[in-house]
Amino acid sequence: MSIDFILEQIANTPTSSDTELIRDLVAAIRPKHADNIELATDRLHALSFKLTAQPKYAVALRNYLFELVSSRKITHLCTDTGITLSEGFWSAAWQRLLYKFLPPLVNNDYLRDVIGTIFHQVDDHVWINGVDEQVWLDLIDAIGFRIRGAHVKQKSNLNELMSAMQVLSYRISAIGLESELVRNYPSIERYESPFLRQNDEINDYIKEYRNWVVDHSAVHRDSQQIEVLLAQCEEIVIKIRRTAAQQGVSVSLTRLLLRVTESIARLRIMLALIEAPNKKQTLHIGFRLFKELVYFDNRKYSIRELIGTNTQLLTMQVTEHAGRSGEHYVASNRREWVEMLRSASGAGFIVGFMATMKILMSKLLLAPFGYAFLFSLNYSLGFMLVHIMHFTIATKQPAMTAALIAKSLDQSKHKLDDLCELVVQVIRTQFIAILGNVAIAIPTAYAIAWAWYSSTGHHLVDPDKARHLLDDINPFASLSLFHAAIAGVCLFLSGLISGYYDNKASYSHIPERLLQLSSMQWLFGMARWKRMTDYIGNNLGALAGNFFFGIMLGSIGQIGVFLGLPIDIRHITFSSANFAFALVGLEHQLTWQVWVISLVGIVLIGIVNLAVSFSLALFVAMRSRGVSFEQTGELIALLWKRFIKHGRDFFFPPKEMDLPESGSEHGKE
């Protein structure tokens with residue numbers, strides 16, 4: 001349908017408020033591909049030219065749009081669209097999922113619903129926001145919104161805007177009284193709350209403004225005092241966020257903070273719209289609001305958007321805790337490098353026994369659930385023991401160090417030299433941690449296998465099982481690298497779980513609540529129970545992360561068996577131990593090709609473990625902080641230059657770092 005035909009239809013029905021004509025007009029302007037901004041611009045230029053050349057069309061379109069807006073309720077559009085919902089995350093997610101298949105009933109009396117029917121394509125906001133603002137302003141001029149007599153601030157629309165301001169103000173007041181907000185900022189009860197005072201100011205402001213509209217000789221106040229109070233509300237929100245960084249955060253608190261922040265921002269726009277000094281400024285502010293409303297309306301059923309808005313602060317705190325843990329996984333000097341080698345070697349020793357238990361358990365005749373239970377128990381208890389003994393599983397580090405790098409990106413986006421040094425330290429630490437794990441896991445497993453043969457007269461793994469273990473680490477004859485990627489995902493998830501439970505322990509005051517249990521005080525004694533609760537508070541996240549990591553490693557293979565899917569896990573440390581078992585089981589009868597392929601397979605499994613877990617963790621950490629690092633090329637070039645000039649630094653600490661005073665804020669504490 002052509003623009004000329006639609007304009008003619010509008011001219012023939014000047015008092016119509018039906019939405020069909022505006023839907024047709026938008027459809028005529030809308031490009032087939034939303035990112036085709038040039039086509040949308042050309043069509044808007046054509047519409048502006050037509051309206052300028054045919055004034056009757058401009059008058060008809062202007063009157064039509066006035067009637068379209070003034071005959072509908074604006075309040076809900078301004079107060080609900082783009083504002084975080086008060087309902088819980090899961091109920092909101094379920095509702096959005098249902099609405100994708102069966103949208104809610106459209107109420108034609110509400111402009112909020114009408115906007116959704118006019119701009120019904122989920123990517124309409126792309127071309128609307130992509131077109132240069134001057135093109136839109138030229139269209140507004142062509143329609144005639146700026147000419148004398150075209151009153152945008154009609155009385156009905158003005159009352160709707162005032163009502164929207166009151167709703168937003170009441171909402172801000174209600175959030176300021178929420179117990180969770182008060183709990184995180186107790187001072188709000190001791191002093192006069194700006195959340196309540198702003199509502200009094202808004203009500204007085206609206207009352208005086210309405211009197212002024214009727215009688216221009218009446219005096220009405222400006223919004224300066226309201227702005228002061230809103231700024232105070234924002235200061236409290238910032239302080240609560242800082243408190244949350246230390247004491248943890250919950251999803252409900254996250255939602256409250258998002259909701260009040262968005263409501264304050266929208267209230268400011270409403271005030272600016274009413275207080276605009278001239279019609280040009282009014283239209284400019286109104287158009288910016290229009291683009292914002294279309295964007296949020298397009299994404300109102302987006303589950304991804306819901307997750308992003310509801311969990312950003314929580315995700316940041318999860319990765320923040322992981323980032324603090326990450327500081328303990330970066331060796332910045334030779335002493336810490338040697339300490340990491342010792343710590344990783346201890347873990348390799350324990351993994352040798354864990355791998356042995358896995359082999360013995362696999363010989364039992366059990367249902368898949370039985371195998372999953374025993375394997376998970378073996379992994380979980382083993383990983384928790386590694387943590388309790390202050391040892392280090394190498395591939396557990398990336399999820400932690402990625403958050404630390406994201407934190408560095410956020411705090412010093414332009415200090416590439418410092419960031420390069422941190423990355424070198426991370427790579428160096430990963431190298432020695434993996435070396436420590438593998439260098440001890442292989443001889444430990446080898447010794448256990450020979451001890452088993454010496455004491456029982458038969459091998460821990462028979463030749464068939466040994467060949468199967470070698471096939472499992474062969475990257476050319478099996479899905480070992482795919483399985484290594486699955487293990488990398490598990491490593492990433494365990495890092496998030498660690499951060500979540502660290503946050504949980506802090507926010508829910510787990511140590512303090514445990515300490516007050518009188519039965520435990522009687523059983524262990526107050527002093528001993530205090531030490532135990534302190535340990536739980538400091539290590540709950542790490543213990544939980546290791547526990548669930550063990551469950552994931554132990555159960556994924558059996559889930560694959562149950563579903564008939566080729567899914568399993570491959571971890572570099574366990575793969576190296578299995579290689580040692582196979583070596584003994586075949587009594588060293590391996591060709592040089594098998595040696596090479598097996599060792600290459602172990603190395604590649606480790607690389608995939610690290611790459612997948614690190615990249616996922618870095619992506620989440622950067623997303624949670626809203627960091628968009630645009631200097632990747634420069635960083636890679638800097639790292640390459642450093643590798644060519646000082647390649648040794650990527651594997652061993654520089655000699656000058658032997659000095660006691662050398663150190664880094666990223667080192668162990």
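The values are calculated or read from the model by the stated rules, or taken from the named source; none is laboratory data. Every value quoted in this text rests on a predicted model; they were computed, and no experiment measured them. In this analysis, Cβ positions are derived from the backbone assuming ideal geometry, glycine residues included, and neighbour counts consider all displayed protein chains.
Points worth noting:
- Of the residues screened, Leu25 is one that is part of a helix (DSSP H, G or I), at pLDDT 90 or above, at negative phi and surrounded by 18 or more Cβ atoms within 10 Å (Cβ to Cβ).
The rows are residues; the columns are (1) touching a residue at least 40 places away in the same chain (Cβ under 8 Å); (2) under 11 Å from Asp297 (Cα atoms).
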| position | (1), (2) |
| --- | --- |
| Leu98 | no, no |
| Phe101 | no, no |
| Asn107 | no, no |
| Arg112 | yes, yes |
| Ile115 | yes, yes |
| Asp123 | yes, yes |
| Trp127 | yes, no |
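- A count restricted to region 549-591 and to residues that are crowded, with 21+ Cβ neighbours inside 10 Å and not in a helix (DSSP H, G or I) stands at 4.
- Flag: Ala372 does not match the condition of being out of contact with any Asp or Glu (no Cβ under 6 Å at 6 or more places or on another chain) and either buried (at least 21 other Cβ atoms within 10 Å of the Cβ) or under 20 Å from Phe492 (Cβ atoms) (or both).
- Whenever a residue of region 20-49 is in contact (Cβ under 8 Å) with a residue 60 or more places away in the chain and assigned by TED's automatic domain parsing to the domain that holds Ala60, its partners that are polar (S, T, N, Q) and part of a helix (DSSP H, G or I), lying with C-beta atoms within less than 8 angstrom and at least six residues away or across chains, give the pairs Arg23/Thr117.
- Glu512 among the acidic types (Asp, Glu) and over 36 Å from the mean Cα position of the chain (by Cα): no
One line per residue, one yes/no per condition, for (1) surrounded by fewer than 17 Cβ atoms within 10 Å (Cβ to Cβ); (2) more than 11 Å from Phe581 (Cβ to Cβ); (3) out of contact with any strand residue (DSSP E or B) (no Cβ under 8 Å at 6 or more places or on another chain); (4) of a type in the set (Val, Ile, Thr):
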position: Ile440; (1), (2), (3), (4): no, yes, yes, yes
position: His458; (1), (2), (3), (4): yes, yes, yes, no
position: Pro463; (1), (2), (3), (4): yes, yes, yes, no
position: Leu469; (1), (2), (3), (4): no, no, yes, no
position: Asn474; (1), (2), (3), (4): yes, yes, yes, no
position: Ser478; (1), (2), (3), (4): no, yes, yes, no
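- Just one residue in the set Arg197, Arg183, Arg241 is more than 25 Å from Ile269 (Cα to Cα), assigned to a helix (DSSP H, G or I) and of a type in the set (Lys, Arg); that residue is Arg183.
To keep it simple, each residue is scored yes or no on (1) at pLDDT 95 or above; (2) among the hydroxyl-bearing types (Ser, Thr, Tyr); (3) assigned by TED's automatic domain parsing to the domain that holds Val424; (4) in a helix (DSSP H, G or I).
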| residue | (1), (2), (3), (4) |
| --- | --- |
| Arg324 | no, no, yes, yes |
| Glu339 | no, no, yes, yes |
| Gly348 | no, no, yes, yes |
| Met357 | yes, no, yes, yes |
| Leu366 | no, no, yes, no |
| Leu374 | yes, no, yes, yes |
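- Top-ranked residue of region 62-86 - restricted to ones that are touching a helix residue (DSSP H, G or I) at 6+ places or on another chain (Cβ under 7 Å) and part of a loop (DSSP other than H, G, I, E, B), ranked as surrounded by the fewest Cβ atoms within 10 Å (Cβ to Cβ): Ser86
- Lone qualifier among Gly557, Gly564 - being touching a residue at least 40 places away in the same chain (Cβ under 8 Å) and closer than 30 Å to Leu481 by Cα: Gly557
- Breaking point among (1) modelled with pLDDT under 90; (2) under 35 Å from the mean Cα position of the chain (by Cα), for His33: (1)
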